[in-house]
Every structure is written in structure tokens, then in C-alpha cells.
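First the structure, in the form of C-alpha cells, and then the observations on it.
The values are calculated or read from the model by the stated rules, or taken from the named source; none is laboratory data. Source: prediction; values computed, not measured. We place every Cβ from the backbone using ideal geometry, glycine too, and count neighbours over all the protein chains shown. Calculation scope for accessible area: heavy atoms of the full protein, side chains included, ligands and nucleic acids excluded. Shrake-Rupley method; radii C 1.70, N 1.55, O 1.52, S 1.80 Å.
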Amino acid sequence: MLKEFKNIYDIHPWLRCITWIGLSCVALFLFWLLVWAVHHPDALQPLTLVATLSTAWFMTCGFLLWISLLLLRHHLKQWRVLDPKMLKQQGDKDWVSSRHSSGNHQYADAHNSLQPVTLSSEHTTYIPADPLMGLRLPQWPQQARAAVGWREGQPSQMWHNPIEEVPTRPDAPARAASSSPAPVAATLKPRFAQSSRVGMGWDAGLKRKSDPNEDSIATIQGTCTYKEQLIPFDLFIVADGMGGHANGQEASRIAIQAMTQSVLQNIVTSSELNDTLFSEILAHGVQQANMTIWQRNQEKGADMGTTLTASLVVGSKAFVVNVGDSRTYMYCRGKGLSQITRDHSLVARLVASGLLAPDDVYTHPNRNLVERGLGDRRSVEVDCFTVDLHAGAWLLLCSDGLWEMVRDTEIERIMQKEGAPAHLSDLLVQAALKGGGADNVSVIVARVMS
């Protein structure tokens, strides 16, 4: 009961006012009772009455003091979390913006580091001072450098000129290797798309049905040649726009376009392909998307932004990136559902620091505050993950419109069906709508290992 009261207390300002007014009234009453007892000692002559009133008075004062200390301690924690100086001391250098608002942003200083910070063997955070210096493609020929706009000594000029046409599906070779996958035929629907391996769900939600959908998604299945071999790859992207309806929609669309252009061109034009390079290509694609949105903000005086999560699947590995609170999960038969990415949000940091219970994330009044997003500055921190894929592995990419409405246990129950990817994506979207449909819902379900 106390836990439920704390959640309601955080959500409703009127309850906070009533609570403090009530405590103040009780304190004033106790003070008046003490003054009255001093001026009317005859009324307290019976010893039992004096003892009873004294006990009640001390117990009430103790209870009042305990409640007041709890509330003050709670407000102190909230102040320490939300105070910009504390944010700076704790190393949170990116934006704190309110999802679905119109420019209600708070900012902190940007990071200034050229080297990636390795957190573990599977997780790397890239923090480039110049966002376009993050990618170091090996052994690029001069013609390839000229084709993409590279300028020696001026790395910030790379990719400034947009490419007119982006190859999204290479031509099929005359002779395909025996290990190459069969062609995939996709059938598009208004809200759902499907193929033999990938299903997508995309819905505006119930409460925002009449507003533009600020989410954008993309799936690309391609093949490139490398050392006389065909290398199939899959690229999945989910972006959740912020900054108002029109701005959010434009930001997520720009992020998808810029990232696919950057990633595809780097894969096709690189003379060397390896795990490290794939991670850098993906991270650089996020930086390019961030730079494009930031430049658009500068040109138009806008305040748009977007979260983004993406996965590049090559062979038996998945290279995953994320900025914000859009998520990538992996489901494995027999191992269950696991979250690959880490949310860059206020509530996620509160949970990590032990100040908030995981279940309270869904009801916290500041659950929509995102501390990192594309479009705020010229560069952005990008979390990178490398995951080994095993038999029966599935990837699930989604916006917060899914995981805020559907708990992970229910998502896992749906993924256990292991049916057609399009059917699973449909079930997940429907579950989000049944859970309230408070936000746009975007889902990509991919069977990456049979």
C-alpha cells in the first residue's frame, strides 16, 4: 500500500499538496493542544487523562516527524536526480527531453573524447569529438574516397553531399553460391509487412490515432561480394521521433534515410569486412543520422529529435546500436527473452542506481524523459553491442510504444509461439493496443537463425 501511495504521490501534484497541507494542519493542532494544556492545567488534573494525552501527543508527533522525514528524503532524491549540476557530476552529457512535447528540453555539456570507451567485450560506447571521425575504413582506394566525398585532412566533409541513388538490393549474380539464401518475397500491408524471415508492425496507437505517427521503421535484406564470396546481410532500424508531431515524424524519417544510406555505402565500398568494421559502420551510420537532423534543426530553427535502435546481422553475429529508449531484444528457444540494449532514460538510470524499483518504471511521472537522442548536438554517444546468434534465435526491435504497454514476460510468451514473423509482429502490436495504446507502436520481428 505504501508503494502504491508513493507512485500516486509522484504522479498527481494535487495529492502532494493535500499531503503537506494535512501534515501542516496536524502539526498546528498539536502545537495548539500543547499551548491549551499549559494555559488550562485544571482540565488535565486526572493522572490517567494526562498520561493518555501525553502518550497520544508523543506518538502523533513521532508519526508526523517520520512521515515528514520520508517525504523530505524522497524529494531530496528527486532533486538530486533532476538537478542539472548533479546530472553533470554523474556524467550525463546528453539531452533530457520530454517525449511528445514541443521543445521542453534540458541540456548538459557534451563529451569530448576521440576514442571508444569499451565497457565489456560485447558492449562499446563510441564518443567521437567529431561525429564524422568515428569511422575508420581500412584500405580505401582513392576512387572510393572521391566517390563518397572524402577530403584528406578534413574528415568532417565526409558524407556532407547526399548521394542521389542508394542501392538497397544488389543485382542477383548469374551463379549463386550454394550457401546463399533463397530470394525473399515481401508483401506490404497498410500496417504490417511480412517476408519469410521478417515481420513488421506499425500502428499509431489508440490515444494518438488522429495524430501523425512519429515512428519510422526499415528492414533491408541485401548481399555484397567480398573476396570472391557472397555476403548476405540484414539491416533493421526502428526510430521514434520527438519534438512534436510534425517534427518527430520528420526526425525519425530523416534518421532512417541517413543511416541506411551511410551503412549501405560503407558496406559496399569497403575493401575489408570484419566484426570491428561492422560495428564502426553501424555506429557511424547513427552519427551521420544525428548530424543530418542537427543540421536540419540549425537551418530551420527546429527542435526535432529521435531515438534509434538498429541491428546489422551478418552470418552468426548481430551488431546492435541504440540511442534513447527504443529497444532490441533477442529471443532464443530454451533461453527466453533478453534485452540487448540499455535505455538512455531517467527511469533507467534511477533503476540502475537503486533509487527506483524496476516495476515502478511503468508508472513513474518522468518515465518519458529521454537523456540521449539524435539531433541535439553535432555528436552523440552510441552504444554498440555484438551478439553471437545460435539456433532458434530471433531479434525483436521496438519503440517504447510496445514495451511500456506490454511487460517483458508477455512479450516472451508471444515470442514463444515462434510462428510466422508477420503473425508475431501482429500479435505484439495488438497486445500493445490492448494494454492501452498510449503511444505509437513499431515492431520488427526477425528470425535470424533457424
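Mind checking segment 201-237 for trypsin sites (Lys or Arg not before Pro) that DSSP puts in a loop (not H, G, I, E or B) and that have at most 14 other Cβ atoms within 10 Å?
Those that pass, being in a loop and sparsely packed, are Lys207, Lys209, Lys227.
So, taking all protein chains as they sit and a 1.4 Å probe, how much accessible area belongs to Met59, in Å² rounded to tens?
Accessible surface of Met59 is approximately 130 Å².
Relative contact order, percent, of segment 189-334 when contacts are C-alpha pairs under 8 Å separated by at least 6 residues?
23 percent
Please report the relative contact order for segment 308-363, taking Cα pairs under 8 Å with a sequence separation of at least 6, and give it as a percent rounded to a whole number.
Relative contact order here is 24 percent.
Mind grabbing the accessible area of Trp66 for me, 1.4 Å probe, Å², rounded to tens?
About 130 Å², ignoring ligands and nucleic acids.
List the residues, sorted by chain then number, that are 5 or more residues from Leu389 or on another chain and whose placed amide H is less than 5 Å from its amide H.
Those lying under 5 Å, H to H, from Leu389 are Lys317, Ala318.
Given a Förster distance of 45 Å, report the FRET efficiency between Gln295 and Val26 from their Cβ-Cβ distance, rounded to the nearest 0.05.
With R0 = 45 Å, the Cβ-Cβ based efficiency is 0.20.
Could you rank Cys398, Cys25 by how accessible they are, 1.4 Å probe, largest area first?
I get Cys25, Cys398, largest accessible area first.
Run the numbers for Leu15 and Asp359: contour at 0.36 nm per residue of separation, minus the present Cα-Cα distance, in nm.
121.7 nm
Could you please put Ile254, Ile67, Ile21 in sequence from largest to smallest accessible area, using a 1.4 Å probe?
Most to least solvent-accessible, the answer reads Ile21, Ile67, Ile254.
Can you give me the solvent accessible area of Val38 with a 1.4 Å probe, rounded to the nearest 10 Å²?
That residue has around 100 Å² of solvent-accessible surface.
Relative to the present Cα-Cα distance, how much length would full extension add between Lys227 and Gln257 at 0.36 nm per residue of separation?
7.9 nm
I'd like the distance between the alpha-carbon centres of segment 17-40 and segment 382-441, rounded to an integer number of Å.
Cα centroid to Cα centroid, the span is 54 Å.
With r defined as the distance between the Cβ atoms of Trp57 and Ala352 and R0 fixed at 56 Å, what FRET efficiency is calculated, to the nearest 0.05?
After rounding to 0.05, the efficiency reads 0.80.
Using a basic spin-label model with each label point 7 Å from the Cα along Cα→Cβ, how many nm lie between Val35 and Leu65?
Inter-label distance under the simple model: 2.2 nm.
Enumerate the calculated ³J(HN,Hα) couplings along segment 362-373 in order (Karplus 6.51 cos²θ - 1.76 cosθ + 1.60, θ = phi - 60°), each rounded to whole Hz, writing x wherever the residue is Gly or Pro.
Residue by residue, segment 362-373 yields 6, 10, 5, x, 9, 5, 8, 7, 9, 9, 8, x Hz.
Which ³J(HN,Hα) values in Hz, rounded to whole numbers, follow from the phi angles of segment 306-321 under the Karplus curve 6.51 cos²θ - 1.76 cosθ + 1.60, where θ = phi - 60° and Gly and Pro get x?
After applying 6.51 cos²θ - 1.76 cosθ + 1.60, I find 7, 8, 7, 9, 8, 9, 10, 9, 9, x, 9, 10, 10, 9, 10, 10 Hz.
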